[in-house]
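Undergrad: Below: one structure in structure tokens.
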Amino acid sequence: MTAPVTTQAGQSVAVSKRRWFEFNKPITPASAIWLALSAWVAFFGLWEFAVLMEVTNAVLLPGPVTVLTSFVELFTEKNYLADIGMSLYRVLASFTLACLLAVPLGILMGTFRSVEAFFNPLVSAFRYLPAPSFIPLLLMWLGAGESQKLALLFLGVVWFLITLIMDYAKSLPADYINTALTLGGNRRQVLWTVVVPAMLPNVLIAMRQMLAVSWTYLVIAEIVAADSGIGAMMMRAKRFVHIDEIMAGIVTIGLLGLLFDILLRAAQRLLFPYLETKE
């Protein structure tokens, strides 16, 4: 939006008027950081205010200060770092296994209709089955060890990851493939030199989306016959009604998920700088 301004010479000049709400208008990195920090300050401020004013039960919903104190106790007295390390291992190991299957299969399904026709009925059906429903079977098949937990986390993301990558592969412009074929490339050459490189940015986007889902299944995987991990710590806290420790576990999962999302965003900017829009 512009507003007329009169100069000393009497000439009217249009000056851009800055507004916060503009359709699809980029904002500066400083403004983005300021707005993000403001949202968190408002959230924690309202939370602490509700506890101090006794709007909520301080026992069932402790305030941020209490949760922060429990964080310190968990790290200093209860070996919380080992629990976090075990949860990180479970999420990353299971997600790596899911990617090893989903990335090549999703690309093939999105590129070749015959591959899609064969695998998609199975993938689509399994996608609607809730992963926690497999817990009894996994316990009988794999026991209560690490294999069962990794399998549950694997099943929670692999079908959706395959579908996302397949859809991204389908959206690849046909001109890329047709041009490569016209230049004499065979199917293998076109797949490895055209389709796969063009798909890599979208593969990273799909991985970002599904890694968040993997973190949401972590507590479910760790509350069944687990003696370590963030979920196991939360179940121990439940027995003694330590709500502050449960809240600390929830915050930890959120922070770890946010950290990995930031890392994957940074990797995307580093590996594919040409995708950055010029402001």
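Where a number appears in this text, it was derived from the coordinates with a stated rule and is not lab data. Only a predicted model underlies this, so the values are computations on that prediction, with no experimental measurement involved. Positions of Cβ are generated from backbone atoms using ideal geometry, with glycine treated the same way; all protein chains shown enter the neighbour counts.
Undergrad: Which net charge results when you count Lys and Arg as +1 and Asp and Glu as -1 among the other residues whose beta-carbon is under 14 Å from that of Asn202?
TA: +1
Undergrad: Follow-up question, since we're still on this one. What order do you get for 40-48, 202-210 when each peptide is scored by the mean count of other beta carbon atoms within 10 Å, highest first?
TA: 202-210, 40-48
Undergrad: Could you tell me the relative contact order of the chain? Use alpha-carbon pairs under 8 Å, at least six residues apart, and round to a whole percent.
TA: About 20 percent, as a whole number.
Undergrad: Give me the number: length gained by fully extending Arg113 to Leu68, i.e. 0.36 nm times residue separation minus the C-alpha to C-alpha distance, one decimal in nm.
TA: Value of the extension gain: 10.9 nm.
Undergrad: On alpha-carbon atoms, Rg over Rh for the range 117-217 using Kirkwood Rh?
TA: 1.12
Undergrad: Could you calculate the FRET efficiency of Phe134 with Asn186 from 1/(1 + (r/R0)^6), where r is the beta carbon distance between them and R0 is 41 Å, rounded to 0.05?
TA: Plugging the Cβ-Cβ distance into 1/(1 + (r/R0)^6) gives 0.50.
Undergrad: Based on alpha-carbon positions alone, could you give the equivalent ellipsoid semi-axes of the range 150-264 from the gyration tensor, as √(5λ), descending, whole Å?
TA: Rounded to whole Å, the semi-axes are 43, 13, 9.
Undergrad: Here's a follow-up. Need the full-extension length gain, Thr216 to Ala93, defined as separation in residues times 0.36 nm minus the C-alpha distance. One decimal, nm.
TA: Between Thr216 and Ala93, full extension yields an extra 42.8 nm.
Undergrad: Another one. Can you give the extra length, in nm with one decimal, that the chain gains between Leu61 and Thr179 once fully stretched, where that is 0.36 nm per residue apart less the Cα-Cα distance?
TA: Length gained, Leu61 through Thr179: 36.4 nm.
Undergrad: For P(r) over Cα pairs in 10 Å bins from 0, in percent, one of (1) 6, 20, 24, 22, 16, 8, 4, 1, 0; (2) 7, 30, 37, 20, 6, 1, 0; (3) 6, 23, 27, 22, 14, 7, 2, 0 was computed from the structure I shared and the rest are decoys. Which label?
TA: Correct label, based on the coordinates given: (1).
Undergrad: Here's another thing I want to ask about it. Only helices at least 18 Å long along their own axis, judged from Cα atoms, and with Kyte-Doolittle mean hydropathy of 0.5 or greater: name those in the chain from DSSP H.
TA: Length and hydropathy pass: 29-52, 64-77, 80-111, 146-170, 196-216, 243-271.
Undergrad: Something else: Efficiency by 1/(1 + (r/R0)^6): what FRET value for Leu142 and Leu258, r their Cβ-Cβ distance, R0 = 22 Å, to the nearest 0.05?
TA: Given R0 = 22 Å and the Cβ-Cβ separation, E is 0.10.
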